[in-house]
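Undergrad: What follows is a single structure, and I will ask about it in a moment.
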Amino acid sequence: MTEKPRPRKKNRPTATRPPRPQRRTPAKPIRKAPPTAPTEDAPELLYGRHAVLSALESGRPCNRIWVIPSLRYDPRFHQRLNEAKQQGAIIDTVTPERLDQLCQRGRHQGIALQVAAYKYWSLEDLLAKAATVNQPVLLAADGITDPQNLGAMIRTAEALGMQGVIIPQRRAVGITATVAKAAAGALEYLPVARVINLNQALETLKAAGYWIYGLSERGAVPLPKITFDRPTVFVVGSEGEGISLQTQKHCDEIVAIPLAGRTNSLNASVAVGIALYEISCQRSPAWDLTQEPEA
């Protein structure tokens, strides 16, 4: 028997699959290049009435000044602004909103000034200037990264009659607009030297006859027990790390401020103020308000 041919299967329509959506790879975020650090010749912006007025009074060259209308003819600024204009500075009368933009919402108090970047003193020039004073006092800041703290230290050192400040070039804040604002004009009168190696600078100061005191809460000698009767350098460190161990080796003594409360440390700028005031009281007893005036 012959087999019957099998019926051929009808071609069934194949179901068409919907096209798969193409996967879109998320766009990579555009990385912005980090802002470049200002060079020594980059213009600096000072703002705040004390800082700007001190810069104008000292005759510091400036390129441009922004001032609100109510301050343009203020007796404290009018003559100084005119003098700066005669020397080539551009005076712009602007709105407070414009100053907010320029100063990035800083407390400009209605005036801002563009000057050349701070010109640091050399260590040799600083020593020469300090040598004109009997028993000079210098402040060395080791690793201070907070501009507010550095500015406050400079302000205190100038107010108490010290001769200068020394800061390292690396791992520390330099003289910026924020530092100048916190210093409230003291930078126009107090020299600041920036050194490559702070420890080598301390050895240079020792060779010049200075006695080096490190300020630390773990110091072995209480501050009031020290007699400051020679050229002096106070070394202060950052709040977090304090004076580095390497720098402590270059100090002649490590002193501490006696504290009576439970807080075992002070803000760096506050500690500097107490230490420098102690020197001022010893050098000039009239400053010591605890003593009764002579009859």
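The values are calculated or read from the model by the stated rules, or taken from the named source; none is laboratory data. Note that the coordinates shown come from a computational prediction; the quantities given were computed from them, not determined experimentally. Glycine also receives a Cβ, built like all others from the backbone with ideal geometry; neighbour counts cover every protein chain displayed. For the accessible areas, the whole protein counts, side chains as well, though only heavy atoms, and no ligand, DNA or RNA atoms are used. Shrake-Rupley method; radii C 1.70, N 1.55, O 1.52, S 1.80 Å.
Undergrad: Could you tell me whether T93 is modelled with pLDDT under 80 and of a type in the set (S, T, Y)?
TA: So T93 does not fit the description; no.
Undergrad: Take V165 and tell me if it is of a type in the set (A, V, I, L, M), modelled with pLDDT of 90 or more, open to solvent by less than 60 Å² (accessible area, probe 1.4 Å) and over 23 Å from I243 (Cβ atoms).
TA: Considered against the rule, which asks whether it is of a type in the set (A, V, I, L, M), modelled with pLDDT of 90 or more, open to solvent by less than 60 Å² (accessible area, probe 1.4 Å) and over 23 Å from I243 (Cβ atoms), V165 comes out as no.
Undergrad: Checking A128 against (1) in contact (Cβ under 8 Å) with a residue 60 or more places away in the chain; (2) farther than 21 Å from S54 by Cα; (3) assigned to a helix (DSSP H, G or I); (4) not β-branched (V, I, T), only one condition comes out false. Which one?
TA: With respect to (1) in contact (Cβ under 8 Å) with a residue 60 or more places away in the chain; (2) farther than 21 Å from S54 by Cα; (3) assigned to a helix (DSSP H, G or I); (4) not β-branched (V, I, T), A128 is out only on (1).
Undergrad: Within segment 189-201, is even one residue under 19 Å from K119 (Cβ atoms), out of contact with any Lys or Arg (no Cβ under 9 Å at 6 or more places or on another chain) and open to solvent by 20 Å² or more (accessible area, probe 1.4 Å)?
TA: Yes, that holds for at least one residue.
Undergrad: Name the single residue that is nearest to K119 (Cα to Cα) among those in segment 136-167 being of a type in the set (G, A, S) and in contact with a Leu (Cβ under 8 Å, 6 or more places away or on another chain).
TA: G164
Undergrad: Considering segment 135-151 alone, what residues qualify as being open to solvent by 30 Å² or more (accessible area, probe 1.4 Å) and either basic (K, R) or in a helix (DSSP H, G or I) (or both)?
TA: P147, Q148
Undergrad: Still on this structure, I have one more. Can you confirm whether segment 130-152 contains a residue that is closer than 20 Å to G59 by Cα and of a type outside the set (V, I, T)?
TA: Looking through segment 130-152, none of the residues is closer than 20 Å to G59 by Cα and of a type outside the set (V, I, T).
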